[in-house]
Amino acid sequence: LTELPLAASLAWSPDGNRIAFSCGPSVCAMNADGSQQTVLAQGDCEYSFAEPNWLGTGNKIAFSSVPTFCDETPDTTIRTAEISVMNPDGSQRQNLTQNDNIQERTPVWSPDGNQLVFWTYSYPAEGSEIFKINRDGSNKSQLTNTPGFANSHPSWQPIRLSCANPVDCPEFFVRQHYFDFLNREP
């Protein structure tokens, strides 16, 4: 569909008509047939952009913003990465997180579109963790506490309840207690 030298991290729009993807240091989009390829977030000596993910309604794209330094070699530069969002046309781009010496990568929208989950790793190599954040950048919270690099590329799985009232559902009740008291999945 594309003849770009680097195209990765493909993400289909919810309606299946568009594909967002990493294209070199930028985030691009195209129609499902490969036509109308456009750059949504142009990478440069200030930032490169990667790992797009569509909101379920199709009106936002989350992605990673990685500061770059064109005057330094990659081996000597500590890189951070933040979670950002933009409209599907590339407008209204904003960072949701700000950090120092931490990579925050691979944002994934929750099924209801109210939160994002993403993974981090820090410098020097201390490990990786899973975090979640509200769609407006508030309430960043850590979901895992695992030594090493065991956590990467998170995803959401919707809870399917068989009860009218979630509190009467053992799946929900037990899972919620794990979150409330142990701050982890059962």
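The values are calculated or read from the model by the stated rules, or taken from the named source; none is laboratory data. Please read all numbers here as calculations on a predicted model, not as lab measurements. Glycine gets a Cβ as well: all are built from the backbone with ideal geometry, and neighbour counts include every protein chain shown. Keep in mind that these areas ignore ligands, DNA and RNA; they rest on the heavy atoms of the full protein, side chains included. Shrake-Rupley method; radii C 1.70, N 1.55, O 1.52, S 1.80 Å.
Hey, if we sort Cys45, Cys23 by accessible area with the 1.4 Å probe, largest down, what's the order?
The most accessible residue leads, giving Cys45, Cys23.
In nm, give the distance between the simple-model label positions of Asn95 and Gln42, each being 7 Å from the Cα along the Cα-to-Cβ direction.
2.1
What is the sum of charges around Gln142, taking Lys and Arg as +1, Asp and Glu as -1, for the other residues whose C-beta is under 11 Å from the C-beta of Gln142?
+2
Taking R0 as 41 Å, what's the FRET efficiency between Asn139 and Leu6 from their Cβ-Cβ distance, rounded to 0.05?
0.75
In Å, the Kirkwood hydrodynamic radius of region 1-62 over pairs of distinct alpha carbons?
One decimal place: 11.5 Å for the Kirkwood radius.
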